[in-house]
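Beneath this line is the structure, given in C-alpha cells, with notes to follow.
The values are calculated or read from the model by the stated rules, or taken from the named source; none is laboratory data. Everything numeric in this text was worked out from a predicted model, so none of it was measured. With ideal geometry, Cβ positions are generated from the backbone for all residues, glycine too; neighbour counts draw on all protein chains shown. These accessible areas exclude ligands, DNA and RNA; they are computed on the full protein's heavy atoms, side chains included. Shrake-Rupley method; radii C 1.70, N 1.55, O 1.52, S 1.80 Å.
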Amino acid sequence: MNTARAVRLVARREFLTQVRKKSFLISNVVILIAIVGGIVGYSIFSGGDDADRAAIGLVGDQSLSPALVAAGEQVGTSVEVSEIPDEQTARDRVGSGDLDVALIPNPDGSATAVTESEIDAGLRTVVDIAVTGQAQQRALTAQGVDVEQLSADMGAAVVTVETIDPPDPEEGQRIAMSIAAVTLLYMQILGFGMYVAMGVVEEKSSRVVELLLSTLRPLQLLWGKVIGIGAVGLVQLAAYGVAGVGAGLATGVLTVTGTALGVFAGTLGWFVLGFTFFAVLYAAAGSMVSRQEDVNSTTMPLMLLIMAMFFSAFSAVGNPDGTLSNVLSWIPPFSAILMPLRMAAGVTGPVQVIGTIALMTVVTVALSLVAAKIYQRSILRVGKTVSWREAFGR
Amino acid sequence: MTDSHTLTIDRISKRYGDVVALDDLSFEVRQGEIFGFVGSNGAGKTTTMRIALGVLSADSGEVRLGGRPVDLDVRRTIGYMPEERGLYPKMKVGAQLSYLAELHGLSRAEARSAVTRWTERLGIAERVGDTVDSLSLGNQQRVQLAAALVHDPAVLVLDEPFSGLDPVAVDVMSDVLIEKARTGVPVIFSSHQLDLVQRLCDRVGIIKHGKMRAIGTVDELRGGESAQLVVHAPGATADWARHLAGVSTVSHSDGRTVLTLDPGADDQEILAAAMKTGPVHEFSLHRPSLTELFREVVAA
C-alpha cells in the first residue's frame, strides 16, 4: 500500500468521524441559521429609511409643511409631516410616542413645539429654520421684496466641499468583513487544532495507536489526521463564508462583491496555512501526554500564541495599515490572521500577499518536520507527560 | 503455502537504559505451527512481539518472514493482538474493523465481507452497529481478535490472547488458532495459562531475562527429566525400593513413594516389589506438566 492510500484512509476516517457527530451537525446548523438570520435581520432594521424619519405633527395651518420638509433635507434630518386636527390630539399622540414633535403655529407667527421630554437637536434646528424662514418670508413680502427672485439670486451662493482624502464609502463593510474573517480564523484554528490534539491523545490513551502503527508509518498517521480534520475545518469555514457573503450580497448589506469574494477566498487559503502550522504542533502536543486530562498542559502555549495573534489582529482592525500590523503580517504565524485582515481592508498588494504566503509555507514545512519528529518519538511513550523543553531538546 | 512462511527471530537485542530486555534472542515459528511463548512478567515476550511488528525497533538483530526482512508491507500481512488492548472507544465495531482491514490493504468491499465473516464467526455479528465502549470486556476482546484476523493474515502474533476470556470464548479462540495453523499460518502467542499452552501448542519457548531458556515440544522439554513413578503402598517401609536396579527413591511419606526410573528400568518388577509390602492403592507414571517444567526453568 502506498503512502497516498494510507494517508487517504486515515484522513477519510477522521473526516467522517468528525462530521457524523451529532453535536457537530447541530451546532453548525444553529450557527448557519444565526449567520443568515443576523444579516437578514440587520438589513431589515437598518436598511429602511422610514425608521430614521422623524415624525412631526402639524396642527391647523399646513402652510409650514413644505418648509419643514425642505429644512429637513437641508439639515440632513429627514422628517415626515402629518396633519393633526387639533391640539389635544397632537398632545395625545406625542404622549403615546406616535409623534416625535407636535408643532402648533400661533397667530403671531411664533410656534409651540410639544415633545415628550426633550427635543432632538437636529429636529430642533429643522423646526427653527422652518418657522423663522416662514416668518422672514412673510416679513420680506410685506416690505415688497420679490421673494422668488431673492431665493434665485441666493441659490448661486453655494459652498462646494472638495476632499483631499475622501472617506471610503466601503469602509464600514471592509471593517465588518475584517472582523468576521479574523474571528472565524481564530475560532477555526483554535478549535480544529484542539481536535487534532485530542484525536492524537485518544489514539494514544486507548492504545489503538499500537495496532495502527503496525500497519502505518507514524507520519502517515499524523498527516492523515491533520488533513482529515483540516478538511472538516475548511468545509465548515466555507459554509459559514458562503452563508455570510451570500446573505450579505442578497440583502444588499454587502455591496462590494469583488472584495467580498476576495476576502472569502483569502480567508480559506490562510486557514489552510494557519491550520497546518498549528495542527502539526497540536499533534506533537497531543503525543506528549498519555491522558486526555493532561492535554491542556501541552497545548496551553499554542493557545496563548493563537490568542496573541487574535488580539494583535483586533488591534489592527482600526488601523490595518499601521506599522505594527504591517510588520506582524510578515511574521508567521501572525500573517495567517493579519493578511486576510489587510486584504479585507484593501491595504496590501500582490508582493506582500505572495511574499507572506511563501514565508509562511517555508516556516510551516520546517516546523512540521520538527513536530513530526516529536510526534514520532512521543507517540508510544506512555506515562509521564513530556514537556516542550524536553521534546525539543532530545 | 511454502516454507516462505517461517517467522524467524534472529538474534535480536533490546536495552532500556541499563536494563537488558532482550539478549541475543533467536527462535523460529514454522509454517502451520502453533508456538507458545511463555515466561514470567517482564521476561521479554511483549518486547519481542512489538519488535516483530515494528512498533518498537531492536538495537540489533532482525525479524524475517520466509527469509525476507519484515518491513511495512510484510507487517501488513501479520495479524496482531497487542498486550495493551486498543480500539477506538467511540467508533462502531463494524466501521472500525472495516477501517483496520483497509489499513491492512484490503479493498473496501473485501473489508466489508471479511468483517461480516469474522463477526459472525466470533459471535459479535449483532453488535457491529454498536460503539466499542458499549460492549462488555469479553466482547471487546472478541472484537480485538477480529481485528487481528479480519485481513486474513499470513502470520498471527497474539500477546496474551486468552486473558480475560470466558471459557466459551477460550474455546472459540482455540478453534480459530488451530484452524489458522492448519492453513499453514505460523501462530505465536504468549500466555500465562500453561495448561492451555500445553494443550494447544506444537512447540513452546520459555523465555527468562530476555534469553530463550528452553524450546521444543512439551515432550522434548521433558527430555532431560526421567519419568517419575508414584506408588501408594501404606504397608511399605522407606527403603522398600532400594534394592531395585535403575530405580532411586525421591521421597517417601505416609506410604506414598516417588521414584525416578532410569531408562530401561522394569516397572513390572517395581510393581511386584511394592505388592510384596502389602496392598497397593496407586501405581502411576507421572509426567511433569508444562507448569512444573516452567517452574524449574524459571527457578534455575
Kindly check whether there is at least one residue in the stretch A:241-258 that is open to solvent by 50 Å² or more (accessible area, probe 1.4 Å), facing chain B (nearest Cβ under 10 Å) and part of a loop (DSSP other than H, G, I, E, B). no
Check whether at least one residue in the stretch A:13-33 is more than 14 Å from every other protein chain (Cβ to nearest Cβ), open to solvent by 80 Å² or more (accessible area, probe 1.4 Å) and charged (D, E, K, R), and report yes or no. no
When you check A:Arg342 against the structure, is it touching a residue at least 12 places away in the same chain (Cβ under 8 Å), open to solvent by 40 Å² or more (accessible area, probe 1.4 Å), of a type outside the set (Gly, Ala, Ser) and not in a loop (DSSP other than H, G, I, E, B), yes or no? no
Read through the list (1) without any contact (Cβ under 8 Å) to a residue 12 or more places away in the chain; (2) small (Gly, Ala, Ser); (3) in contact with a strand residue (DSSP E or B) (Cβ under 7 Å, 6 or more places away or on another chain), then give the number of the only condition that B:Ala299 fails. (3)
Considering only helices (runs of 4 or more DSSP H) wholly within the stretch B:137-228, the ones with at least 2 residues that are surrounded by fewer than 21 Cβ atoms within 10 Å (Cβ to Cβ) and of a type in the set (S, T, N, Q) are B:137-149
Quick one: A:Ala6 ticks every box in (1) without any contact (Cβ under 8 Å) to a residue 60 or more places away in the chain; (2) under 30 Å from B:Val93 (Cα atoms); (3) surrounded by 17 or more Cβ atoms within 10 Å (Cβ to Cβ) except a single one, so which number is it? (1)
Conditions (1) farther than 16 Å from B:Glu102 by Cβ; (2) within 12 Å of chain B (Cβ to nearest Cβ); number of the one not met by A:Thr215: (1)
If A:Val370 satisfies all but one of (1) in contact (Cβ under 8 Å) with a residue 12 or more places away in the chain; (2) surrounded by 14 or more Cβ atoms within 10 Å (Cβ to Cβ); (3) farther than 22 Å from A:Leu190 by Cβ, what's the number of the condition it fails? (3)
Those residues of the stretch B:52-62 which are within 14 Å of chain A (Cβ to nearest Cβ), touching a Ser or Thr at 6+ places or on another chain (Cβ under 7 Å) and either open to solvent by 40 Å² or more (accessible area, probe 1.4 Å) or on the phi < 0 side of the Ramachandran plot (or both), in sequence order: B:Leu53, B:Val55, B:Leu56
A careful count of residues in the stretch B:101-126 that are more than 14 Å from every other protein chain (Cβ to nearest Cβ) and either of a type in the set (S, T, N, Q) or open to solvent by 60 Å² or more (accessible area, probe 1.4 Å) (or both) gives 9
Just one listed residue, out of A:Val280, A:Val272, is of a type in the set (Val, Ile, Thr) and open to solvent by less than 10 Å² (accessible area, probe 1.4 Å), and it is A:Val280
I need the full set of residues from the stretch B:47-73 which are closer than 26 Å to B:Gly105 by Cβ, in a helix (DSSP H, G or I), at pLDDT 90 or above and out of contact with any helix residue (DSSP H, G or I) (no Cβ under 9 Å at 6 or more places or on another chain), in order please. B:Thr48, B:Met49, B:Ile51
Only one residue in A:Glu203, A:Glu210 is buried (at least 21 other Cβ atoms within 10 Å of the Cβ) and out of contact with any Pro (no Cβ under 8 Å at 6 or more places or on another chain), so which one is that? A:Glu203
Out of everything in the stretch B:69-98 that is touching a strand residue (DSSP E or B) at 6+ places or on another chain (Cβ under 9 Å) and open to solvent by 60 Å² or more (accessible area, probe 1.4 Å), what residue ends up being farthest from the other protein chains (Cβ to nearest Cβ)? B:Pro69
Keeping to the stretch B:7-46, report how many residues are outside any strand (DSSP E or B) and open to solvent by 20 Å² or more (accessible area, probe 1.4 Å). 9
What tally of residues in the stretch A:183-200 results from selecting those that are away from every other protein chain (no Cβ under 14 Å) and surrounded by fewer than 23 Cβ atoms within 10 Å (Cβ to Cβ)? 8
Within the bounds of the stretch B:234-245, is there any residue that is outside any loop (DSSP other than H, G, I, E, B) and touching a residue at least 12 places away in the same chain (Cβ under 8 Å)? no
Open to solvent by less than 50 Å² (accessible area, probe 1.4 Å), in contact with an Asp or Glu (Cβ under 8 Å, 6 or more places away or on another chain), within 12 Å of A:Ala54 (Cβ to Cβ) and modelled with pLDDT of 85 or more: which single residue out of A:Thr77, A:Thr115 fits that description? A:Thr115
Pick from the stretch A:222-240 the residues that are within 13 Å of chain B (Cβ to nearest Cβ) and more than 20 Å from A:Thr298 (Cα to Cα): which of them is surrounded by the fewest Cβ atoms within 10 Å (Cβ to Cβ)? A:Gly224
Return a yes/no flag: does the stretch B:29-47 have any residue that is within 14 Å of another protein chain (Cβ to nearest Cβ) and more than 22 Å from the chain's Cα centre (by Cα). no
